[in-house]
1. Using a 1.4 angstrom probe, figure out how much accessible area region 298-368 has per residue, in square angstrom, rounded to the nearest whole.
2. Which links in 160/182; 195/255; 160/255; 160/226 stretch past 27 Å when you go from one Cα to the other?
3. Kindly report, to the nearest 10 Å², the accessible surface of residue 186 as traced by a 1.4 Å probe over protein heavy atoms only.
4. Hey, can you grab everything whose amide H is under 5 Å from the amide H of residue 191? Only 5+ residues off in sequence or another chain; H modelled, so Pro and N-termini drop out.
5. Percent of accessible area on region 298-368 owned by carbon and sulfur, 1.4 Å probe?
6. Report in % the part of the accessible area of region 112-281 that belongs to carbon and sulfur, leaving out ligands and nucleic acids; probe 1.4 Å.
7. Over region 112-281, what relative contact order in percent results from Cα pairs under 8 Å that are six or more residues apart?
8. Given Cα positions, please report Rg to Rh for region 298-368, the hydrodynamic radius being the Kirkwood one.
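The values are calculated or read from the model by the stated rules, or taken from the named source; none is laboratory data. Just so you know, these numbers come straight off a predicted model, no measurement behind them. Note: accessible area is taken over every heavy atom of the protein model, side chains too, but ligands, DNA and RNA are not part of it. Shrake-Rupley method; radii C 1.70, N 1.55, O 1.52, S 1.80 Å.
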Amino acid sequence: VRTRRRKAGVATDRCRKKLFVLWISFGACFVLVVVQIGVMAYMHHQVGEAASGKSPSVANGAHQKKVHHALEKLKQISENLQQQKQQERRTNDTLSRVLEVSSETLQQRLPSWIGEYVEWHRRQRARIAASPETWTDHRYLIMQCIQSDPHCGGASDRIKPIPLVLYVAYLTNRIFLIWWDKPCALEEFLVPNDKVSLIDWTVPELLRLHLETGRNMGQMIVSSDKLLSRSEDTDTAIVRTRLQSFNGGEDEFLKMLEQHHQPATPYQNVYHHLFSVLFRPSTHRVEPLLRTEMQQSGLEPANFAVAHYRAFYRTDRVSNVTLRDSSIRAVNCASDLVPGGPIYFCSDSTFGLKSVQEYAAGTGRRVVIPYSNQQPLH
């Protein structure tokens, strides 16, 4: 019995010690929680006073001014960001509407033969897409500029003959394509206008692989007056052309329209609207740059005119008088397109840019200039 009582007493003492330790631990935790709550409440009170403009008891006047200035700056940044987002949204929406030209609008502006060819071209490309190996069943007219070509001219010289080449493709039932790889693919900058799904001018993959072999590449035509006769040859599946003409083959184009009893259409008008049919800015390179430049310049799509003065074409010596007069003349011509509206002016001459900037400041005309201290690339 005594042994049992002794053991029970030892167990009771152990329990008391454990309870005591638990009470001490609980009390310590409670004190820590209370202290943390007090610190958080104090900090919240201090921040609240700073935000409301009151003087914290622990801060001096200089600290209060810093806090107030920081809050005002944050408020201003927030407002600027909101305005920037709104402007970006408006610009994107408007630019998207400008780029998305409807088929109906283009058909009203373009000659009827283009509408007929668009539908025919679309059907041929659909057949090739459905069965790529059938590319050999078709005939092609390809505007090209590739690494093996000795001379292609600039971008404008390359695409100016499009009305003529497209009309020949229409007359001879050939699929119109564009093949560039010099200095890079045209698709790096311009892509088919998929917004209206009109003409896919990219070279089909199997045809491209065939062309890159360098064998059986068809005929190369560099003269506009021979383009039609060579394209009429049904035994030649592939006709390639690299026309170089100061007027883009306009004379030959108008002559063909007359011979085939088509209404005489100004070459510039056809070219202008065909550009919208065939191209849109590449979404991964050009279009983001356009959006950024227009947002930074405060330009609204379709509400400004552009003037470009290429001063140093085939020469690096142009007098300052000529540079100034020609640059200002370009701006004045552009202003006729949007009377009172802004003009975007660019040139390969720094002096020309400065001259226009001074002219605009003196006349109150709004001219946007991509100004740089460095000589622009030609």
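1. Value for region 298-368: 57 Å² per residue.
2. Cα-Cα > 27 Å for 195/255; rest within.
3. Here the accessible area works out near 10 Å².
4. When sequence neighbours closer than 5 places are left aside, the close amide H contacts are 280, 282.
5. Ligands and nucleic acids excluded, carbon and sulfur reach 49 percent.
6. Roughly 51 percent of what the probe reaches on region 112-281 is carbon or sulfur.
7. 31
8. Rounded to two decimals, Rg over Rh is 0.98.
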